[in-house]
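Here the structure comes first, spelled out in structure tokens, and everything after it is commentary.
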């Protein structure tokens, strides 16, 4: 039965949490997809578009579209790296840093809401298990071959 399958339950959790977060980030003028980029840049500092795409698990065209829209909203700025016009780094603006802090708080509230029925030990264990599963998945390339 579908309700008893791991992938289905994981997908349901993901979709519920994504909806919960999006409903709140839209209220602070952060569009779906932008919250990941804001958090990524806030945590890692300036990054190339390629690095952002990799860390946020987003393809190149989606990354480009997100970054262009975020630049128009004054959340990020693109700066040439080492005077090389082909090599750019994405930086958070002052407004972007403010939005990143708000997004971080929304995501923390989301985690607390979702995990509230679990003990602290169960919370640590589920995060540990998800990390293990992600490590397994990250060993696979886009063709299903191991690296």
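Looking only at residues in the stretch 114-140 that are in a loop (DSSP other than H, G, I, E, B) and more than 20 Å from the chain's Cα centre (by Cα), which one is nearest to residue 20 (Cα to Cα)?
116
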Within the bounds of the stretch 74-86, is there any residue that is touching a residue at least 24 places away in the same chain (Cβ under 8 Å), part of a helix (DSSP H, G or I), under 18 Å from residue 40 (Cβ atoms) and in contact with a helix residue (DSSP H, G or I) (Cβ under 8 Å, 6 or more places away or on another chain)? no
List the number of the failed condition for residue 3; all other conditions in (1) modelled with pLDDT of 95 or more; (2) exposed (fewer than 15 other Cβ atoms within 10 Å of the Cβ); (3) within 30 Å of residue 112 (Cβ to Cβ) hold. (1)
Applying the selection to the stretch 87-116, what residues are without any contact (Cβ under 8 Å) to a residue 40 or more places away in the chain, surrounded by 11 or more Cβ atoms within 10 Å (Cβ to Cβ) and closer than 17 Å to residue 42 by Cα? 93, 95, 98, 105
Given the condition modelled with pLDDT under 95 and surrounded by 15 or more Cβ atoms within 10 Å (Cβ to Cβ), answer yes or no: does some residue in the stretch 35-45 qualify? no
Somewhere in the stretch 60-69, is a residue under 17 Å from the mean Cα position of the chain (by Cα), surrounded by 13 or more Cβ atoms within 10 Å (Cβ to Cβ) and closer than 19 Å to residue 27 by Cα? yes
Based on what the data block shows, is residue 17 surrounded by fewer than 19 Cβ atoms within 10 Å (Cβ to Cβ) and within 19 Å of residue 108 (Cβ to Cβ)? yes
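The values are calculated or read from the model by the stated rules, or taken from the named source; none is laboratory data. Being a predicted model, the structure only gives us computed values, none of them experimental. Note that we place each Cβ from the backbone using ideal geometry, even for glycine, and neighbour counts take in every protein chain shown.
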